[in-house]
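We did not get these values from a lab; they are worked out from the coordinates using the rules stated. Predicted model, so just to flag it, every value in this text is computed and none were measured. Note that each Cβ is placed from the backbone with ideal geometry, even for glycine, and that neighbours are counted across all protein chains shown.
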Amino acid sequence: MAVIKTIQTLAVAALVLCVARVVSAQTPGQQVQETIQRVTAIVSSPSGGESEQRDAVKRLLLPRFDWPEMAKRALGRHWPKLPERQNEFVSVFTDFLGNVYLGTIGGYKDEKIIFSGERRDQNLAEVETKLMPNKGEPMAVNYRLHLVQGEWKIYDVVVADISLVNNYRSQFNRILARSSFDELVKQLRERESKERG
């Protein structure tokens, strides 16, 4: 009995290692492309309601982003000053930005996404894409990633040459210059609630 349990444990461990190797073997571009294709398939699917689609996209996207890193970069110089509130901020920021991103993706049902390049420098990468709308000009959407425990995670999205993280850092700096961290958290919660609708 003990031998069978040991064999089962080793088999599960080997399977986990194989899956981990497959994930880490993907290039950043392959990982982003696969994720976007899966998201597009969910959003374009006629089955399920909007709420179900949103939940499915959220489950798919949440692991692809390095939320703590994004939160840290967005808070910038204020991050080290708030060690006891960092986890709270990561949670609030993840809910807020996750819902903003989900709302944005929901509007891109019929647009085509072209993968135009990938640059890597050791543990950092940038994947370049172009959003091709039915009407209007193409828009560059680039994903900045870094390697975290063998998996490429997105830590910033640059839309039309504007960094999402830098944009939020400027907004958060303005709020913190005239108010408190509690006020920033309150505003993020209110905005997240509106995005969720």
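I need the calculated FRET efficiency for the pair GLU190 and ARG77, taking r as the beta carbon distance and R₀ as 30 Å, to the nearest 0.05.
0.80
Between LEU124 and ALA160, 0.36 nm times their residue separation minus their Cα-Cα distance comes to what?
10.9 nm
Report, in listed order, any pair from LYS112/LYS194; LYS72/LYS186; LYS130/LYS194; LYS81/LYS186 with a Cα-Cα distance greater than 22 Å.
From the list (LYS112/LYS194; LYS72/LYS186; LYS130/LYS194; LYS81/LYS186), the Cα-Cα distance tops 22 Å for LYS112/LYS194; LYS130/LYS194.
Using a 7 Å offset from the Cα along the Cα-to-Cβ direction at both SER44 and SER116, what is the distance between the two label points in nm, to one decimal?
So the two model labels end up 2.1 nm from each other.
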